[in-house]
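Report on one structure; see the data block that follows.
Coordinate-derived values only; no laboratory data. Being a predicted model, the structure only gives us computed values, none of them experimental. Positions of Cβ are backbone-derived with ideal geometry, glycine not excepted, and every protein chain shown enters the neighbour counts.
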Amino acid sequence: MPEQCKVDMEKVVSLCKRRGFVFQSSEIYGGLGSCWDYGPLGVELKRNIKNAWWRAVVQERDDIVGLDSSIMMHPQVWVASGHVAGFSDPLVECKVCHLRWRATDLNGKRCPDCGGELTEPRMFNLMFKTFMGPVEDDAHVIYLRPETAQGIFVNFENVMTTSRKKLPFGIAQIGKSFRNEITTGNFIFRTREFEQMEIEYFVKPGTDEHWFEYWVNERFNWYLSLGIKPENLRLRRHAKEELAHYAKDCYDIEYLFPMGWAELEGIANRGDFDLRQHAQQSGKDLSYFDDETGERYIPYVIEPSAGVDRSALAFLVDAYDEEVVEGEKRVILRLHRDLAPIKVAVLPLSRNERLVPLAKEIYGELRRYFMTQYDDAQSIGRRYRRQDEIGTPFCVTIDFQSLEDNQVTIRERDSMAQIRLPIKGLVETLRAKLAGESFATQPLWTAKGTGAVDQ
Ligand code: ATP
């Protein structure tokens, strides 16, 4: 297993900025630490990640339903969950340069910046506080949620009753979370505002270990199914001492990022901690009546908790590739077709007035079905490279021969192979190829002579 990521973070960051995936937030004012904005391509990538997750965990299953709970919640929620008392990291400050660090990141070393001596650690609560309404006093303090999970627990009863679900069943939610992290960094890996994709899967006590194992496998395979290379993904089971006080068991799915192996998703067996806590604090009965056995109990819960931004970083790093083609460097994002921000690029061979109407017509048709880009600037080779760099799986090239034979060239990103196909039925063809049909179902066609060659 390689212990070193082959991709340089700087290259990914630079591509993200250059091509409009991710920008520094408030850049014209000098930026805001650890905050990032997703540009036109980044927003598509994130949307595709969220859609792929939703499809896998909600749409294609009978036992999970969705939820979108509010970011601001009753402050008692965070008392019950343990966040007010315990969601803290040990903070140390350098006595010389006054930079602050998370003590657990330093292993007892001196200030990583200047080598200065550090203060004793003090606990720092990671929840962002604000006030609800015009009065800024303790009675009006509320928190920005540090995880989406609690919105699910407090809706357990509502969702179960209205969707008439029986155990085992789950609730899935995607949304923003906020943590006032002491140290942020590694681009979009650790930020103070981020998006999570979380499932709370409620099960009968005693079946929890089975379901825990099930979800660890399920979630691990999800990343592989979207193209993450197996050698860059691993599972790490938490040691007993490392487990949160409420967790019975926990696995991290780790990815080999440029800075090393780090958590991409956590899957925890949380027992009945959360529902029991909320039942106690709210005085509401959150138990489940099992009408098959006549038993009443508080369900156990398995929680697969993933980060959208961390996933985006992992998919970008994993997809980044460089190769030399005919003496020139080709940068490619080998993104899975479901994740690629743009699915098809329509490229007229030139801006010749005879080609443009047909190219525009094809573009108008394709964009109804796929995220499509039209590009007629510079040479065809340069345009292919531009699409390779943003991960577009297919380019459709319209040349002069197209005017005669009503066919176009389709070029595939990874192999650069080209096939010639009728314009009629193009949508269906592309749809099949975007759903995974092999590219070379027809004999490979050589594009020489049409001008659509890859150079
Ligand atoms: P870490 O140990 O990296 O701080 P954690 O164990 O606190 O993470 P969880 O509470 O398990 O993280 O959160 C679940 C997921 O949410 C993480 O696996 C990660 O993908 C995402 N996540 C958590 N904190 C952040 C953050 N500050 N920035 C970006 N994503 C985050």
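A few comments on the model shown:
- The stretch 103-235: C-alpha gyration tensor shape, a/c 1.5 cut-off, then a/b vs b/c: oblate
- Computed from Cα positions, the angle between helix 380-390 and the longest principal axis of the chain comes to roughly 10 degrees.
- Phi angles of the stretch 102-107 translate, via the Karplus equation with coefficients 6.51, -1.76, 1.60 and θ = phi - 60°, into HN-Hα couplings of 8, 3, 5, 7, 9, 6 Hz per residue; Gly and Pro are given as x.
- Listed peptides 196-208, 336-348, 32-44 by packing density, highest first (mean Cβ within 10 Å): 336-348, 196-208, 32-44
- Cα gyration tensor, the stretch 357-398 - rounded (a/c under 1.5), prolate or oblate: oblate
- Cα gyration tensor category, rounded, prolate or oblate, for the stretch 342-434 with a/c compared to 1.5: rounded
- Full-stretch length increase - residue 428, residue 74 - with 0.36 nm per residue and alpha-carbon distance subtracted: 122.4 nm
- Magnitude of the charge dipole, the chain, Cβ model with Lys/Arg +1 and Asp/Glu -1, debye to 20: 1120 debye
- From most to least packed by mean Cβ count within 10 Å, the peptides 305-311, 322-328 give 305-311, 322-328.
- 29 Å Cα-Cα threshold exceeded, pairs from 46/240; 229/360; 6/95; 229/433: 46/240; 229/360; 6/95
- By the beta-carbon count within 10 Å of each Cβ, the least crowded to most crowded order of 252, 285, 290, fewest first, is 285, 290, 252.
- C-alpha long axis of helix 308-319 to longest principal axis of the chain, angle in °: 40 degrees
- For residue 307, the residues 5 or more places off, or on other chains, whose built amide H falls under 5 Å of its own are 197.
- Distance distribution P(r), the chain, all Cα-Cα pairs, bin width 20 angstrom from 0: 21, 48, 26, 5 percent.
- Bridge type composition, the stretch 342-434 - antiparallel percent by DSSP, nearest 5: 55 percent
- Peptide packing for 105-115, 265-275, 222-232 was compared via the average number of neighbouring C-beta atoms within 10 Å per residue; ordered from the highest value, the list is 265-275, 222-232, 105-115.
- Proximity of backbone amide H atoms, modeled 1.01 Å from N, is registered between residue 169 and 202 at under 5 Å, excluding neighbours fewer than 5 places apart on the same chain.
- Dividing the convex hull volume of the alpha carbon atoms of the stretch 18-119 by its residue count gives 220 Å³ per residue.
- Degrees, to the nearest 10: 208-225 long Cα axis against longest axis of the chain: 20 degrees
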